[in-house]
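Each remark here refers to the structure printed beneath this line.
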């Protein structure tokens, strides 16, 4: 099942490490195994089996989100909801402040016989700005947290091969310590039926 | 219990046709982007671009000369311009609605059509925003609508005016729709990046923000999409509500009625869905996406059309009933004038297109028939345009004072600008289907995986 | 294939049913005293209590049809409670009868001498007259009860025959049913409540009443889910994702209720026409002003922030207090709609205002539990049940 060097496609981790100095500055250079599947269920099973067998699953790359994979990987829940809530709160405060300040304080205006501080007419703008701020906070939160920004170049170095945006599901296993047993790893893999296994190096 | 589990086969047809294989989906959706555009695309594009050119010329003429070149007069101060504005904002609603509400309710059929609908939203809002802009007469002073410290007093904008609420509503809606749309596109640009070479790859790499398909990213991505959907749903409702406030907070009979907010929202959904149907019928044919946008999708959209058509019909009925029930002579006159006055043809055109035509969708065969859907969806949009025309013009042209009664006839300039807005809309849409996947890669794959999961469910 | 056995209800629901009967008897006794001493007040309190109670029976019919129409998995698990609640509608029709002798006390337009002198009421007389009122009420109940029994009958047939295709018929019926429900309930609310101030009108009034019933229905569902889904071996195996859907629907209905209320207010407030503001004036002065504020706080602000939490929506135990709060504020909303029509700017709260809803709510609860017991708690042959029961 494990392929020979000649069969391997282009290196799965294309820009692994540029030189040794970089490696010592930012972390340790570690060996990674990219185990590819063609089906989300097998991927999920593989993650569970590998983790149960004591291997460290660094990440899973997939063309679409797999249900239940966060739990299988043991990832903590996202806190984006809180970000959005705080954004919305800020929007409401800004909207309210803006309207009260311009209409009732800086230049009090009586329009249509309503008091300068008439609250009902503030509902629409306050609502819109609440939603606007919450939405912007959500997107900025997502992009900042995952460092997503327009960049020049090709595929990001963290992505194991081009297939994971098409039809490949890749489980990345990291060799964290010397206790990593290739034989045991191969034994576990042989029960999981991956379509392809490749390896590479990356600084983690 | 009998031995045979009779409930084993629910009457559910698959949403994605053509068998398994995620790679196949990538190929099918990416194919039109990687091929050279066909003759049909060029023909449509040139037609749309010429209309756009015509519209742009007439807009420049209007701005250079003044809005006196339109048919407006002292009694009818809002005509084609505001009708078009409301019409396009309405079209812009189904996109976010399909995407957001159907996402929240986990309706899987949304995945194949959501992207096109979201794109449509953005282009329609661009068209809508154009009209108040040119109606200002001096559009180079458009920035005066924003509240900022200035040397005019500093006299701030009037937060009591629904027209200012509109500024906030439309710009918020545009921003949030754009965010929602672009966030959806990021993983798909990554797919295109990984399939292409050279300059194209670099462009898609730039657009895909360094997407690496990691689970950690997907986790937050899904959360962000749900949050945006949750925010966009009330937003859609609020935007058309505020558009309805432009009319309803005044005291003009025919405008000032409390049912306007939900009535406008239902109308917007109705016309927006009709436009989505029109666009998708053309797109699926032109890009050979019949296996992803199936008859089942069309049928579901036809049902939404039928339902919202009846809601709109119920609103017409309520308005008429209450106009009588109120005992207010001005209210009553306005509605009699709509139905039997000089613009009666527009009123009955509206009723037949919006209430009568959708009734054809009680028939399952009609819901799945492409020609019937195409004709009906076009007629619904004609009807919805005339609904706004009726609201704007017939409520104005016979004022409280009979001495100021008047008639409104659009000039060719106004008709040309309306055509130009269609040109703008279709030009943008045609460019969109050339440069971005019109169906979402990752969402269709997710739907396919759930579909196969359903087929192999444990017994 | 035999029909599934009727349900064994959890003890808490059986107790609730008996408590309902006791509440009905006690409340009815107080009401009887009220009829004898202050009939005018009794009819006002009874009308409020009745409109509030109708939400428990009719709201679920609307939700049931919405479920058939959208075919979401969420509705399969609560189909039986919804059907049982809707089947109490005949009882609701009977309980409408005490309003008939009270019409003269309740509705100004039944006074011939007043109508004769009032051109506006004279104009409305073809609609606002006693036979028309009664005929329309009969028609509304006929529509609601008719749809309930056809849908409930199909559901029973599905239990018996196991024919999964019956849901297609339920769906087609519901398509027409939802529209008819909204239209009839809108007119019913105009007849029964809006015509208390017969000069005043608002086109959104009916929709406001309809969405209020949806809030009542979903809040009630949340409580039923708590009763059915708790304990070591729950009567219905509700999962967190089901609850999440109910919580989301409740949240959405609360928002729509606010939306309709704010829309009506903002439009009338902006237009500032005396014939329209007359309705809001008593509600914005004196103790009614405080009531309006409390209503906004308890029917919108507090539930909004509480229901924002995902964890709360996914826990029956934590959702239940919000639901209970909303059921109480539903009554406050109806009281706010009805009572100022009589008391003007003076606040009014009578002991009968409590007794009437207690009696009516008790009667509903008793009838609901009886209906719920008649069938299995899950529609065993619903083609979507398997998907609903599957684990996440």
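The mean count of C-beta atoms from other chains within 10 Å of the C-beta of residues in A:170-176, rounded to a whole number, is 1. For the pair residue B:65 and residue C:169, label points projected 7 Å from Cα toward Cβ lie 6.5 nm apart.
Only Cα pairs within less than 10 Å get springs; with that Gaussian network setup on chain C, which residue of C:82, C:128, C:61 has the largest fluctuation? Maximum fluctuation in the GNM of chain C, among the listed residues, is at C:128.
Okay, which of the range B:289-327 sit inside 11 Å, backbone N to the point 7 Å along the Cα-Cβ direction of residue C:135? The answer is none, because no backbone nitrogen lies closer than 11 Å to the label point. With the highest mean first, a sort of the peptides A:194-201, C:204-211, B:388-395 on other beta-carbon atoms found within 10 angstrom per residue produces C:204-211, B:388-395, A:194-201.
Just counting partner chain Cβ atoms within 10 Å, what average do the residues of peptide B:185-194 show around their Cβ? Could you put the intermediate results ahead of the total?
On the way: counts 0, 3, 4, 1, 1, 8, 5, 1, 6, 10.
Across the residues of B:185-194, the mean count of other-chain Cβ atoms within 10 Å is 4.
Going from the residue with the fewest nearby Cβ atoms within 10 Å to the one with the most, B:204, B:263, C:300 rank C:300, B:204, B:263. Computed across the range B:294-433, the Kirkwood hydrodynamic radius from all distinct Cα-Cα pairs reaches 17.2 Å.
Ordering C:104, B:256, C:244 by the number of other Cβ atoms within 10 Å of each residue's own Cβ, fewest first, gives C:104, C:244, B:256.
Please work out the C-alpha center-to-center distance from the range C:226-277 to the range B:132-207 and express it in whole Å. For the range C:226-277 versus the range B:132-207, the Cα centre distance is 32 Å. Using R₀ = 30 Å, calculate the FRET efficiency as 1/(1 + (r/R₀)^6) where r is the Cβ-Cβ separation of residue C:370 and residue C:318; round to 0.05. Efficiency for this residue pair is about 0.55.
Across chain B, Cα pairs under 8 Å and at least six residues apart give a relative contact order of 32 percent. For helix C:166-192, report the angle its Cα long axis makes with the longest principal axis of the Cα atoms of chain C; keep it between 0 and 90° and round to the nearest 10°. Compared with the principal axis, the helix lies near 20 degrees. Relative to the longest principal axis of the Cα atoms of chain B, the long axis of helix B:370-389 lies at roughly 30 degrees.
Which FRET efficiency value, to the nearest 0.05, is calculated for residue A:149 and residue A:86 with the Förster distance at 25 angstrom and r the Cβ-Cβ distance? After rounding, the FRET efficiency stands at 0.70. Here the contact order of the range C:11-390, divided by its residue count and restricted to Cα pairs under 8 Å and six or more residues apart, works out to 36 percent. Normalised by the number of residues in the range B:239-360, the mean separation of alpha-carbon contacts (under 8 Å, six or more apart) gives a relative contact order of 24 percent. Rounded if a/c is under 1.5, else prolate if a/b beats b/c, else oblate: with a ≥ b ≥ c from the C-alpha gyration tensor eigenvalues square-rooted, which is the protein assembly as shown? Taking the square roots of the gyration eigenvalues as a ≥ b ≥ c, the protein assembly as shown is oblate. When A:168, C:136 are sorted by how many other C-beta atoms sit within 10 angstrom of their C-beta, beginning with the fewest, the order is C:136, A:168.
Peptide B:317-330 has a mean of 5 when you count, residue by residue, the C-beta atoms of other protein chains within 10 Å of its C-beta.
Please identify which residues in the range B:49-85 have an amide N closer than 16 Å to a label point set 7 Å out from the Cα of residue B:407, following the Cα→Cβ vector. It comes to B:71-76, nothing else.
The length gained on full extension between residue C:70 and residue C:18, counted as 0.36 nm times the residue separation minus their Cα-Cα distance, comes to 15.2 nm. Once you have the Cα-Cα distance between residue C:287 and residue C:26, take 0.36 nm times their residue separation minus that, and quote the gain in nm to one decimal. Contour length minus Cα-Cα distance gives 91.0 nm. Spin-label model, residue B:142 to residue C:278: label points 7 Å out along the Cα-to-beta-carbon direction sit 4.6 nm apart. Using the Cβ-Cβ distance between residue C:308 and residue A:75 with R0 set to 22 Å, the FRET efficiency works out to roughly 0.40.
Bear in mind that the values in this text are calculations on the coordinates, not laboratory data. Note that the structure is predicted; figures quoted are calculated from it, not measured. When we count neighbours, we look across all protein chains shown, and the Cβ atoms used for this are built from the backbone with ideal geometry, even at glycine.
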